[in-house]
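Asker: Can you read through this structure? Questions will come right after.
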Ligand code: PGA
């Protein structure tokens, strides 16, 4: 692993304000080896400000789950990168499969959002991944290639130094089914090839996270898979014991 491992918890539409603050408070007290892992909490929009406040002075990161590409305007229900930044948010998940498939986000929108996040000097966690149908039709590489090329179109090499990728096969998200080590290694290797082609040398520093039913029972094996630099975790990031166990296992592996 070339970088400090990153563990990002995507809470999706879970936890009230009280639950969220109490949760990060407990995790904050339980994680001792903070230098060896970067932990990022991605709560719903309405909790962001309070979670940033609760983690003030710590090395924990806070990310949003989405952002609009315009800085302001008549976009009911949307939040801009500028607004996120003003709350102390540092990361933004862009192109999550639920945004793509439930809310119809296109590669074009995702590309605009990626640019907006870079322009706002925040860090995008850019999600890609194939559906079960894509995989069964042997189109995994084609889909990944397409999503990366379109999503990162026009991104400068200098910006790519602040990029985080999350490979999340759609069929593994929230299903309890994890991709096999070989599947993860192959996909991460392919992502790396595309990034090398787009950004040359500096692509070696772009962390590639795995996501899709990561839990305390498969984390140790997955983190040791070639090309995996950390995790984007949904369900297991909501449970204190599971999340702490995953972090401990990743920390243990990263002895450096
Ligand atoms: P999961 O979700 O860990 O519950 O599969 C991952 C994600 O959606 O990022």
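The values are calculated or read from the model by the stated rules, or taken from the named source; none is laboratory data. Keep in mind the model is a prediction, meaning the values are calculated, not measured. We place every Cβ from the backbone using ideal geometry, glycine too, and count neighbours over all the protein chains shown.
Asker: Tell me which of these residue 206 doesn't satisfy, since it passes every other one: (1) surrounded by 20 or more Cβ atoms within 10 Å (Cβ to Cβ); (2) more than 15 Å from the ligand (Cβ to nearest atom); (3) touching a residue at least 60 places away in the same chain (Cβ under 8 Å).
Answerer: Every condition holds for residue 206 apart from (3).
Asker: Identify all residues within segment 98-111 that are touching a residue at least 40 places away in the same chain (Cβ under 8 Å) and under 15 Å from residue 124 (Cα atoms); write none if there are none.
Answerer: Of everything in segment 98-111, those that are touching a residue at least 40 places away in the same chain (Cβ under 8 Å) and under 15 Å from residue 124 (Cα atoms) turn out to be 107, 109, 110, 111.
Asker: Hey, can you tell me all the residues within segment 137-171 that are away from the ligand (no atom under 13 Å from the Cβ), within 18 Å of residue 8 (Cβ to Cβ) and in a helix (DSSP H, G or I)?
Answerer: 151
Asker: Further, regarding this structure: Can you say whether residue 177 is closer than 30 Å to residue 153 by Cβ and in a loop (DSSP other than H, G, I, E, B), as far as the supplied structure shows?
Answerer: When the stated conditions are applied, residue 177 does not pass them.
Asker: Identify, from the list 235, 227, the residue that is touching a helix residue (DSSP H, G or I) at 6+ places or on another chain (Cβ under 9 Å), at pLDDT 95 or above and within 14 Å of the ligand (Cβ to nearest atom).
Answerer: Result: 235 is the single residue among 235, 227 that is touching a helix residue (DSSP H, G or I) at 6+ places or on another chain (Cβ under 9 Å), at pLDDT 95 or above and within 14 Å of the ligand (Cβ to nearest atom).
Asker: Here is a follow-up. Residue by residue through segment 184-200, note down the ones that are touching a strand residue (DSSP E or B) at 6+ places or on another chain (Cβ under 7 Å) and within 14 Å of residue 223 (Cα to Cα).
Answerer: If the condition is that a residue be touching a strand residue (DSSP E or B) at 6+ places or on another chain (Cβ under 7 Å) and within 14 Å of residue 223 (Cα to Cα), then 184, 188 are the ones that fit.
Asker: Kindly list, by first and then second residue, each pair from a residue in segment 68-94 that is at positive phi to a residue that is in a helix (DSSP H, G or I), limited to pairs with Cβ atoms under 6 Å and residues at least 6 apart or on different chains.
Answerer: From residues that are at positive phi, the pairs are 88/52.
Asker: Is one or more of the residues making up segment 172-188 surrounded by 15 or more Cβ atoms within 10 Å (Cβ to Cβ), without any contact (Cβ under 8 Å) to a residue 24 or more places away in the chain and either under 18 Å from the mean Cα position of the chain (by Cα) or within 16 Å of the ligand (Cβ to nearest atom) (or both)?
Answerer: yes
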